[in-house]
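First the structure, in the form of structure tokens, and then the observations on it.
Laboratory data are not the source of any read-out in this text; all were calculated from the coordinates shown. Since this is a predicted model, take the numbers as computed values, not measurements. Cβ coordinates were reconstructed from backbone atoms using ideal geometry, including for glycine residues, and neighbour counts include every protein chain displayed.
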């Protein structure tokens, strides 16, 4: 349904919560969850369940990212190993 649009969003913005994707794209949360399940089943994204607490109450979310994507290294010198 919205699978290709959500995949493009994750490629542009990196790791995101399902609620962040729904709010940013203007799609209902159930539609986003269906599309994320479809993408996960095809192996295009990785997702995990996350519990966050707001005012002491647990809130369940899905954290998603593009599968196999490694962001490029930051420019500049890298720290050397200490001996």
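For this structure, a couple of remarks:
- Mean residue ellipticity (222 nm) of the chain, computed from DSSP H runs ≥ 4 via -39,500 (n - 2.57), nearest 500: -11500 deg cm²/dmol
- Helix 3-13 vs. the chain, principal-axis angle (Cα, 0 to 90°, nearest 10): 30
- Added length on full extension, which subtracts the Cα-Cα distance from 0.36 nm per residue, residue 5 to residue 24: 5.7 nm
- DSSP beta bridge pairing in segment 3-66, given as percent antiparallel to the nearest 5: 100
- Of 47, 11, 57, the one that fluctuates the most in a GNM where the chain has Cα springs shorter than 10 Å: 57
- Mean-square fluctuations from a GNM of the chain, with a 10 angstrom spring cutoff on Cα atoms, peak among 37, 28, 19 at 28.
- Across the alpha-carbon atoms of the chain, the computed radius of gyration and Dmax are 15.9, 54 angstrom.
- Residue 12 paired with residue 49, simple spin-label distance in nm, labels 7 Å along Cα-to-beta-carbon: 3.1
- As a length-normalised measure over Cα pairs under 8 Å and 6 or more apart, the relative contact order of the chain settles at 31 percent.
- Helix axis angle, 29-41 relative to the chain longest principal axis, alpha carbon, degrees: 60
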